[in-house]
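The values are calculated or read from the model by the stated rules, or taken from the named source; none is laboratory data. Computed from a prediction, not measured in an experiment: that's the story for all the values here. Because the Cβ atoms are built from the backbone with ideal geometry, glycine has one as well, and the counts that use them run over all protein chains shown. Each accessible area value is taken on the protein alone, full model and side chains, heavy atoms only, with ligands, DNA and RNA left out. Shrake-Rupley method; radii C 1.70, N 1.55, O 1.52, S 1.80 Å.
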Amino acid sequence: MANEPLILTIDARQAEQWFARLLERSVNLSGLMAQVGEDLTESTQARFDTGIGPDGVAWQPLADGSGRTPLNDTRRTRDGIHPLSGPDWVEIRADSKQARWHQEGTKPYEIRAKNGKALYWPGMQTRSGKDGKDGPAFVAKVNHPGLPARPFMGLSAEDEQSIERLAVAWLELDAHPAGSTPA
């Protein structure tokens, strides 16, 4: 007995089942991609409340000095953000036409009245009319100074950690039977 080799026999069936389930899960990641999309959409929309970009830098304040958080008057840009996903991809979209202007900023530009109309905005300067009364100083064009970049799209460090947690949970073999979606 002392001269007999010690033999350890391993039944690989359990390991093969685990690897088969892992392979099955990794072929179609639709559930994971959808969850990542929802999480990223929520974190992106939350930036409109905090006024802090994905890089952790606060957005430039509004020029009117009101202290309001930029991009929150209509919430059009925020509410136009939504996820799309497939079996191995996810994207977050911002559909408002202003989204790119705010994300990247703009150079100075000219705003002209359309169809010969005059421009007016609340709080604009006034001037005396022929009757001596003050009224809005309607103008045909305005030189806009441009918009500062206020990035809201992008992955923050917290987003990257969230994606990693979701991926690990998705691949947990004991936690979810084959074919089910992790919560």
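Conditions (1) open to solvent by 60 Å² or more (accessible area, probe 1.4 Å); (2) touching a Gly at 6+ places or on another chain (Cβ under 8 Å); (3) touching a residue at least 40 places away in the same chain (Cβ under 8 Å); (4) not acidic (Asp, Glu), marked per residue:
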residue	(1), (2), (3), (4)
Tyr120	yes, no, no, yes
Lys133	yes, no, no, yes
Lys141	yes, no, no, yes
Gly146	no, yes, yes, yes
Ala149	no, yes, yes, yes
Leu155	yes, no, yes, yes
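Here's the yes/no breakdown for (1) in contact with a helix residue (DSSP H, G or I) (Cβ under 9 Å, 6 or more places away or on another chain); (2) open to solvent by 50 Å² or more (accessible area, probe 1.4 Å); (3) under 18 Å from Arg93 (Cβ atoms); (4) among the aliphatic types (A, V, I, L, M):
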| position | (1), (2), (3), (4) |
| --- | --- |
| Gly37 | no, no, yes, no |
| Ser43 | yes, no, yes, no |
| Ala63 | no, yes, no, yes |
| Thr77 | yes, no, yes, no |
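All conditions but one from (1) touching a residue at least 40 places away in the same chain (Cβ under 8 Å); (2) in a strand (DSSP E or B) apply to Arg127; the one that does not is (1).
Could you run through the range 13-35 and say how many residues are part of a helix (DSSP H, G or I) and touching a helix residue (DSSP H, G or I) at 6+ places or on another chain (Cβ under 8 Å)? Walk me through it before giving the result.
As a first pass, look at the range 13-35 and keep what is part of a helix (DSSP H, G or I): 13-27, 30-35.
With touching a helix residue (DSSP H, G or I) at 6+ places or on another chain (Cβ under 8 Å) added as a condition, the list becomes 22, 25-26, 31-32, 35.
The qualifying residues number 6.
Comparison of Gly51, Gly56, Gly67 shows that the only residue that is out of contact with any His (no Cβ under 6 Å at 6 or more places or on another chain) and buried (at least 16 other Cβ atoms within 10 Å of the Cβ) is Gly51. Pairs meeting the criteria (first residue in the range 42-58 and over 15 Å from Pro148 (Cβ atoms), second residue open to solvent by 40 Å² or more (accessible area, probe 1.4 Å) and hydroxyl-bearing (Ser, Thr, Tyr), beta carbons under 9 Å, at least 6 apart or on different chains) are Phe48/Thr69; Asp49/Thr69; Thr50/Thr69.
Scanning the range 79-116 for residues that are in a loop (DSSP other than H, G, I, E, B) and open to solvent by 40 Å² or more (accessible area, probe 1.4 Å) yields Pro87, Asp88, Trp89, Asp95, Lys97, Thr106, Lys107, Pro108. A residue that is closer than 21 Å to Ala157 by Cβ, of a type in the set (D, E, K, R) and at pLDDT 90 or above occurs somewhere in the range 78-92.
Of all residues assigned to the range 7-17, none qualifies as being surrounded by 11 or more Cβ atoms within 10 Å (Cβ to Cβ) and touching a residue at least 40 places away in the same chain (Cβ under 8 Å).
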